[in-house]
Amino acid sequence: MRNTENQYGVVTIVIHWLVAASFFGLFALGYWMVDLGYYDQWYKKGPDLHRSIGILLVFVMIFRVIWRTIQVNPKPLATHSALARKAGHAMHIVL
């Protein structure tokens, strides 16, 4: 369940992929809603769903930050180069 010095725990992994899937799902939903017509039944339902999932995502991300703060971080893999580690870190900052 918890992180160790060698690997991430189940909670961290599940939260990570839940946030990633929600993020891309919200992007796709928003992109799809742009083309909805005024008389489409999803014209009213889509934004409500988008906001609801977005608010839940904010709470999950707050929990993720708290969880990351109280957990130990695994050591970087020795097989990854310094450039790969820096690129991964930079990508997380961008996201």
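Pull up all non-local amide H partners of residue 9: gap of 5 or more, or a different chain, and H-to-H distance under 5 Å with H placed in the peptide plane.
Residues meeting the criterion, in which the H sits 1.01 Å from N, are 3, 4.
Which one of 13, 31, 41 has its Cα pushed farthest toward the positive end of the charge dipole of segment 1-66, where Lys and Arg give +1 and Asp and Glu give -1 at the Cβ?
13
Would you mind working out the accessible area per residue for the chain, using a 1.4 Å probe, and quoting it in Å²?
I get 83 Å² per residue for the chain.
Using only alpha carbon pairs under 8 Å that are at least six residues apart, calculate the relative contact order of the chain and give it in whole percent.
Reported relative contact order: 39 percent.
Helix-only mean residue ellipticity at 222 nm, the chain, DSSP H runs n ≥ 4 weighted -39,500 (n - 2.57), per residue, nearest 500. What is it?
-24000 deg cm²/dmol
Run the dipole for the chain about the Cα centre, Lys and Arg Cβ at +1, Asp and Glu Cβ at -1, nothing else charged, and hand back the magnitude in debye, nearest 20.
That gives a dipole near 340 debye.
Can you sort 1, 33, 61 by solvent-accessible area, 1.4 Å probe, largest first?
The ordering from most to least exposed comes out as 1, 61, 33.
For a quick check of understanding: with a 1.4 angstrom probe and all protein chains in place, what accessible area in square angstrom does residue 35 have, to the nearest ten?
Around 130 Å² of this residue is reachable by solvent.
Across segment 53-60, in residue order, what do the Karplus-derived ³J(HN,Hα) couplings come to in whole Hz, using 6.51 cos²θ - 1.76 cosθ + 1.60 with θ = phi - 60° and x for Gly and Pro?
The phi angles translate into 5, x, 5, 4, 5, 4, 5, 5 Hz.
Going from most exposed to least, what order do 45, 86 have by accessible area with a 1.4 Å probe?
So the residues, ranked largest to smallest area, are 86, 45.
The values are calculated or read from the model by the stated rules, or taken from the named source; none is laboratory data. All figures in this text were calculated on a predicted structure; none of them were measured in a lab. A quick note on method: Cβ atoms are made from the backbone with ideal geometry, for glycine too, and the neighbour counts reach across all protein chains shown. Heads up: the accessible areas ignore ligands, DNA and RNA and are worked out on the full protein's heavy atoms, side chains in. Shrake-Rupley method; radii C 1.70, N 1.55, O 1.52, S 1.80 Å.
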